[in-house]
Amino acid sequence: MAEHHSTEQKAANKKLAIKVLYVVIGSLLFAFALVPLYDVLCSITGLNGKTDNTAATLAKAKVDASRMVTVQFVSAVMPGLGWNFYPKQTSVTLHPGQVETVLFVAKNTTSETVSGQAVPSVTPGKASTHLKKIECFCFVNQALKSGETKEMPLRFFISPDLPKDVKELTLSYSFFKAPGK
């Protein structure tokens, strides 16, 4: 009877192990899908300072020389990416409507090729719709070979219809390991 119980217990354990394995695989797939899902959600809702990254408004923008706005740049690398990432300049001051280009630097510190995806955020939130990116490394995944360093441009402007009380805003980029890379 003990032998029969042992066989039943092994079968039950095997069935449980398979269920746990499915849960783990499902959880990993869900975690990798979160970054693109978050990006879509933020672009639809404007959540977390996601910006309109179309250049169509560039033609409509006129420089407002009567005021200046300071844009600060902040960067972060999420665990598991194995990169160093930082802006070459921590801030710029410009007129609304003036096109500016700044450079960010990324270096792969691992021994293998790694791809990352930058997720932007703008504060204060009411300024997020007024930051217009023309060219940005955040539009596509970035792949760096082992030890490779890459300068990545960000070309943008601040819409002249930015509320007058906003004199400073912060553009933050968090780099995540790209799913499946």
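The values are calculated or read from the model by the stated rules, or taken from the named source; none is laboratory data. From a predicted model like this one, the values you see are computed outputs, not experimental measurements. Methodologically, a virtual Cβ is constructed for each residue, glycine included, from the backbone with ideal geometry; neighbour enumeration extends over all protein chains shown.
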Say whether the condition of being within 24 Å of Asp165 (Cα to Cα), over 19 Å from the mean Cα position of the chain (by Cα) and at pLDDT 90 or above is met by at least one residue in region 72-88.
-> no
Which members of region 127-164 meet the condition of being hydroxyl-bearing (Ser, Thr, Tyr) and either part of a loop (DSSP other than H, G, I, E, B) or not assigned by TED's automatic domain parsing to the domain that holds Thr93 (or both)?
-> Ser146, Ser159
Do any residues in region 103-121 that are under 13 Å from Asn84 (Cα atoms) have Cβ atoms under 8 Å from those of residues that are among the small types (Gly, Ala, Ser) and surrounded by fewer than 14 Cβ atoms within 10 Å (Cβ to Cβ), where the two are at least six apart or on different chains, and which pairs are they?
-> Lys107/Gly147; Asn108/Ser146; Asn108/Gly147; Thr109/Gly147; Thr110/Ser146
Test: residue in region 174-181 that is under 19 Å from His95 (Cα atoms) and surrounded by 14 or more Cβ atoms within 10 Å (Cβ to Cβ) = no
Could you list, in sequence order, all residues of region 100-125 that are over 14 Å from Tyr173 (Cβ atoms) and either at pLDDT below 90 or assigned to a strand (DSSP E or B) (or both)?
-> Glu100, Thr101, Lys107, Asn108, Val114, Ser115, Gly125
Being at pLDDT 90 or above and assigned to a loop (DSSP other than H, G, I, E, B) narrows Gly180, Gly97 down to just Gly97
